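Colleague: Following this message is one structure expressed as structure tokens.
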Amino acid sequence: QVQLAESGGGLVQAGDSLRLSCVASGGTFNKYAMGWFRQAPGKEREFVAGINWKGGSTVSADSMKGRLTISRENAKNTGYLQMNMLKPEDTAVYFCAVRLWVISMKTNEYNYWGQGTQVTVSS
């Protein structure tokens, strides 16, 4: 059983940056790919970015491509999502999730989820 805990969300202004962190415990972190998802009120949860188990492969959603960097430090059991040039439409609860080895863009292919961290971007 893997537990995930996100942090780093908050209220920012348009154009600002945030770095979200996701700390894993209870499992072998370097076996898992990590995905970041977000869910805005009234909308479905959507894929934001993913990184494979080793960190050598990443994927980003078109909505944030060029404005984010996903990374991980396996020695610290931690993944990161650096978001830049934030827009009001980026406002959502951001979740990290893990699945074995390779990235997926599908929510139902992830086995473990964090509780989420709120990101609010004001205009």
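Colleague: Check off (1) farther than 16 Å from Gly8 by Cα; (2) in contact with a Lys or Arg (Cβ under 7 Å, 6 or more places away or on another chain) for Asn84 and give me the number that stays unchecked.
Modeller: With respect to (1) farther than 16 Å from Gly8 by Cα; (2) in contact with a Lys or Arg (Cβ under 7 Å, 6 or more places away or on another chain), Asn84 is out only on (1).
Colleague: Quick check on my filter: what residues within the stretch 43-83 are at positive phi and either among the aliphatic types (A, V, I, L, M) or modelled with pLDDT under 95 (or both)? Outline the logic, then answer.
Modeller: Filtering the stretch 43-83 for residues at positive phi gives 55, 66, 77.
Residues satisfying the conditions are Gly55, Gly66.
Colleague: Turning to a different aspect of this structure: Just checking: which of the strands (runs of 3 or more DSSP E) contained wholly in the stretch 1-68 hold 3 or more residues that are more than 16 Å from Lys87 (Cβ to Cβ) and open to solvent by less than 80 Å² (accessible area, probe 1.4 Å)? Break it down into steps so the answer makes sense when it comes.
Modeller: Working: elements: 3-7, 10-13, 18-25, 32-39, 46-51, 58-60.
Of the strands (runs of 3 or more DSSP E) lying wholly inside the stretch 1-68, those with at least 3 residues that are more than 16 Å from Lys87 (Cβ to Cβ) and open to solvent by less than 80 Å² (accessible area, probe 1.4 Å) span 3-7, 18-25, 32-39, 46-51.
Colleague: Scan Thr107, Thr78, Thr120 and give me the residue that is of a type in the set (S, T, N, Q) and closer than 15 Å to Cys22 by Cβ.
Modeller: Numbers: Thr107 fails: closer than 15 Å to Cys22 by Cβ; Thr120 fails: closer than 15 Å to Cys22 by Cβ.
One residue alone meets the criteria, Thr78.
Colleague: Could you check the stretch 78-100 and list, in sequence order, the residues that are surrounded by fewer than 22 Cβ atoms within 10 Å (Cβ to Cβ), over 14 Å from the mean Cα position of the chain (by Cα) and part of a loop (DSSP other than H, G, I, E, B)?
Modeller: Met85, Lys87
The values are calculated or read from the model by the stated rules, or taken from the named source; none is laboratory data. In this text, all values refer to a predicted model and were calculated from it rather than measured experimentally. Using ideal geometry, Cβ is built from the backbone for each residue, glycine included, and neighbour counts are taken over all protein chains shown. Accessible surface areas use protein heavy atoms only, side chains included; no ligands, DNA or RNA. Shrake-Rupley method; radii C 1.70, N 1.55, O 1.52, S 1.80 Å.
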